[in-house]
Structure formats: C-alpha cells, structure tokens
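Below is one structure, written out as structure tokens, with a few remarks after it.
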Amino acid sequence: MTTFLKQAHSDAKRAIIARGLRAVGDGYVSIVLPAYLLALGYNAFQIGTLITATLLGSAILTFLAGMVTSRFGERRPLLWASALMIFTGLGFALFQTFWPLLLIAFIGTLNPSAGDVSVFLPLEQALLARSVEQGDRTRIYAYYAAAGALLAALGTLLAAFVDVGPKWFGIGTVDAMRLLFLLYAGLGAAAAFIYRGTSDSHLHSDRPTTALGPSRLMVYRLTALFSVDAFGGGFFVQTILAVWLLQSFHLPIAAASTIFFWTNLFTAVSYFVAVPISKRFGLINTMVFTHLPSNLCLVAIPFVANLPAVIALLVIRSLLSQMDVPTRTSYVMSVVTPPERPAAASLTSVPRSLASAVSPVIAGYLLSLSTFGWPLLIGGALKIGYDLTLLFMFRHIRAPEEVSRA
C-alpha cells in the first residue's frame with residue numbers, strides 16, 4: 001500500500017488527502033446535524049426535508065461540475081466547492097431558523113451520508129482516473145474510499161464533543177454544536193489549500209474531455225440502476241439512521257458516535273478487501289454478492305428490538321455494503337473511453353443524488369408517524385431489487401482488464 005501511494009501521481013495523493021479531511025467533517029456532521037435540529041425543536045419530517053434539500057442541491061451542483069470540468073479542469077471547480085464548504089459551516093453556525101438553514105442546505109456541501117454524495121465526488125473521480133494506469137484504477141478508488149471511511153470514523157468521535165463540551169468548557173449544548181460547524185468550515189479551508197496544487201486536465205491532457213459518445217447507452221443503463229440503488233439508500237442515510245437510533249433507543253450523542261465510529265471503521269476495512277475479491281471474481285460479481293447480504297441485514301433490523309443485536313447487524317452490514325463503491329466507480333470508468341470519463345462520472349452521480357434526495361423526506365415523514373424502521377425496510381428491499389437487476393443485465397459485460405486476464 002505504502003509503495004503504491006508513493007508511486008501514485010501527486011494529484012491522486014491530493015485527492016485522497018483532501019477526501020480524508022472532508023470526511024472528518026462529514027463523519028460528525030451526519031450525527032450532529034439531526035441532534036442540532038432536534039435541539040432547535042424541529043421534528044423528523046423537517047429534518048428529512050433539510051436532508052432532501054442538501055441532496056437535491058448536491059445533485060444540481062454535480063451536474064454543473066460535469067459541464068465546467070471540460071472547460072476549466074478539476075482544480076478551479078474543486079476550489080469553488082471548498083468555498084461552498086466554508087460557507088456551509090459558517091451558515092449552520094450562525095443561523096438557527098428553518099428557512100435560512102434550508103437555503104444553506106440546498107446550496108451548501110453538507111453530506112448526510114456515510115459515503116460521499118457531494119459535488120466533490122465526480123471531480124475527484126475524474127482526477128483519480130487520469131492519475132493512475134488502467135490496472136491500478138480499482139486500487140486507487142479503494143484507497144480513496146477507505147481514506148474517506150477511516151477519517152469519517154474518526155470524525156464521528158468528534159460528535160461526542162456535544163456531550164462533553166458543556167461539562168469541560170461551561171458552554172451550552174447548542175453552542176457546542178455550533179463550534180463543530182465552525183470546525184467544518186475550517187476543514188473546507190484546509191481542503192482548498194490542498195487543491196491549490198492540483199494540475200488541470202484541460203491543460204495537461206492530450207485527450208480533452210468530451211460529452212458522452214460511444215458509451216452513451218451503457219452509461220444510461222448503469223445510471224438508471226444506480227438511481228434505484230441511491231433512492232433506496234436515501235431512506236437510511238447516516239443522518240436518518242441517527243434520527244432513528246436517537247428516537248428509538250434514546251441514545252446519548254456519544255453512544256451514537258461510537259456506533260458510527262465502528263461501522264465506518266469496518267467499512268474502511270471492506271474497501272481494501274474489495275480489491276483482491278474483484279480481481280478474483282470480477283467487478284460486477286463483487287458488487288452484487290457483497291451488497292446483497294448487507295441489504296438482507298438491513299431489512300432484518302426493524303424487526304429487532306434489542307440494541308446490541310441492532311448494532312451487530314449494522315456492523316455486519318458495514319463490512320459488506322460498501323465494497324461496491326470502488327468497484328462500481330472502477331467499472332464505470334472502464335466501460336467508457338478516457339475522454340468520456342468526466343461526463344460519465346457526472347452523469348452517474350447526478351441522477352443518484354437526485355434519486356437519493358427524494359427518499360429522506362419520505363423517511364422523515366415515516367419516522368414522524370412511528371419509530372418502527374420503515375425507512376430501513378423499504379430502502380433495503382429496493383436495494384435488493386437493484387442487486388438482482390444489475391447481475392442480470394451486466395454479468396456478461398466485463399472490464400477490459402478482466403478480459404485481458406481471462
């Protein structure tokens with residue numbers, strides 16, 4: 001691992017380091033956000049509405065990112081996205097009324113998910129794709145995703161500051177949360193400093209980025225399936241899951257942060273396991289046969305009333321559910337031509353964000369009616385349907401490196 005990263009292009013290293021920094025903020029914000037909104041008197045439906053606004057805004061920004069990358073490269077859009085991250089942290093620290101928060105959520109970079117669904121994602125995906133050789137693509141995406149999961153796990157522990165801050169510093173609980181949003185803005189500034197050294201693809205590539213061409217039909221089909229997966233996943237993004245745990249088991253913030261620390265940590269481990277598994281069994285098989293059992297765990301959780309059993313199912317799910325992240329990205333980048341990659345990354349990300357934006361408001365409404373885990377049950381069932389359809393439609397279409405090894 002160390003040798004590979006030393007040999008990687010400096011742009012890939014910058015993307016991985018910046019992803020890790022942003023993940024620290026994503027890790028604790030996904031827990032602090034619902035606690036902050038509950039403390040301000042908002043209900044589960046209003047929280048779901050804010051999450052929907054966040055994901056909808058991210059989808060629009062991601063679409064715009066795909067358009068501007070071919071003209072400006074990745075460097076300047078990444079710097080603009082970092083400025084939005086700073087604005088988001090400052091906005092949530094300064095405002096407490098619903099409508100200003102809704103606007104900030106819509107145009108900002110808050111990430112309610114354990115993974116990355118922000119405007120940064122397609123920009124960094126394209127950056128990584130042009131920074132490594134074809135045979136190393138899955139591995140670099142695994143390191144990229146693992147860096148995010150590991151630092152997100154550490155970030156979740158910072159959410160405990162909400163419980164200990166008032167005791168240590170004599171401040172109010174809401175003030176402790178506002179300090180964490182200020183820290184989020186600081187992490188955005190640190191990410192901008194790292195992105196400053198990134199090279200521009202439109203200046204250094206002899207194959208300029210283009211719109212989708214020969215790979216259009218393939219990308220459209222994958223995008224439709226990924227959107228179903230994202231719609232299902234939106235029912236239990238980490239913020240919604242935190243709301244369910246806080247309401248169903250009356251957990252303190254520190255306990256919830258510990259649970260998400262371990263789930264994110266095991267998720268990070270799974271990214272590294274995904275690389276040898278995908279080389280042995282193929283990208284599509286790895287995506288499906290690790291994702292499917294994780295969703296069966298998810299469907300079982302609402303029927304379990306014992307907290308330790310729920311935690312065990314969440315941990316098992318975390319070991320399996322995200323192996324499809326580096327393999328999915330690698331698969332998309334493998335079935336399109338290099339000039340099409342930024343457009344493909346944007347197109348597969350935008351509908352996913354749009355689809356995942358719809359379900360949190362539904363999940364919030366369901367949780368406002370009952371503490372039964374309907375969002376987990378519905379989301380898990382949708383994702384199981386996605387797994388089976390993906391296997392049926394794409395099991396015979398392999399990445400070029402898999403064909404060369406056959």
Honestly segment 214-280 on the Cα gyration tensor test (a ≥ b ≥ c root eigenvalues; a/c under 1.5 rounded, otherwise a/b vs b/c for prolate or oblate) is just oblate
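Enumerate by residue number the chymotrypsin sites (Phe, Trp or Tyr not before Pro) in segment 39-94 meeting two conditions: DSSP loop (anything except H, G, I, E, B), and at most 12 other Cβ atoms within 10 Å of the site's Cβ.
Working: sites: TYR42, PHE45, PHE63, PHE72, TRP80, PHE87, PHE92; in loops: TYR42.
Answer by residue number: there is no such site.
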Place a point 7 Å from the Cα of TYR365 in the direction of its beta carbon; the residues of segment 27-59 whose amide N falls under 13 Å from it are 45-46, 48-49
Going fewest to most other Cβ atoms within 10 Å around each Cβ, SER334, SER30 line up as SER334, SER30
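Provide, as a two-decimal number, the C-alpha radius of gyration of segment 10-405 over 2.2 N^0.38 Å, N being how many residues it has.
Values: Rg = 19.7 Å, N = 396, 2.2 N^0.38 = 21.4 Å.
Compactness ratio reported: 0.92.
Just want the ordering: SER227, SER248, from fewest to most Cβ atoms lying within 10 Å of their own Cβ.
Values: SER227 20, SER248 17.
Arranged by neighbour count, lowest to highest, SER227, SER248 become SER248, SER227.
Given the rule -39500 (n - 2.57) for each run of at least 4 DSSP H residues, summed and divided by the residues of the chain, what is its mean residue ellipticity at 222 nm, to the nearest 500 deg cm²/dmol? List each step's numbers first, then the result.
Details: 19 runs with 321 residues, N = 406.
That calculation yields -26500 deg cm²/dmol at 222 nm.
Tell me, ASP163, ASP229, ASP136, ASP26 in order of fewest to most beta-carbon neighbours within 10 Å? Please list the in-between numbers first.
Numbers: ASP163 16, ASP229 25, ASP136 19, ASP26 29.
Ascending Cβ contact count within 10 Å gives the list ASP163, ASP136, ASP229, ASP26.
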Within the chain, excluding any trypsin sites (Lys or Arg not before Pro) found in a DSSP loop (not H, G, I, E or B) and having at most 15 other Cβ atoms within 10 Å, the longest uninterrupted segment runs 197-394
Here, chymotrypsin sites (Phe, Trp or Tyr not before Pro) of segment 354-390 satisfying both criteria (DSSP loop; at most 16 other Cβ within 10 Å) are PHE372
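What does the net charge come to around LEU222 if you take all other residues with beta carbon closer than 15 Å to its beta carbon, with K and R at +1 and D and E at -1?
+3
Quick note: the coordinates plus some simple rules give every number you see, no bench work behind them. Because the structure is a prediction, the values reported are computed rather than measured. Neighbour counts run over all protein chains shown; Cβ positions are idealised from the backbone, glycine included.
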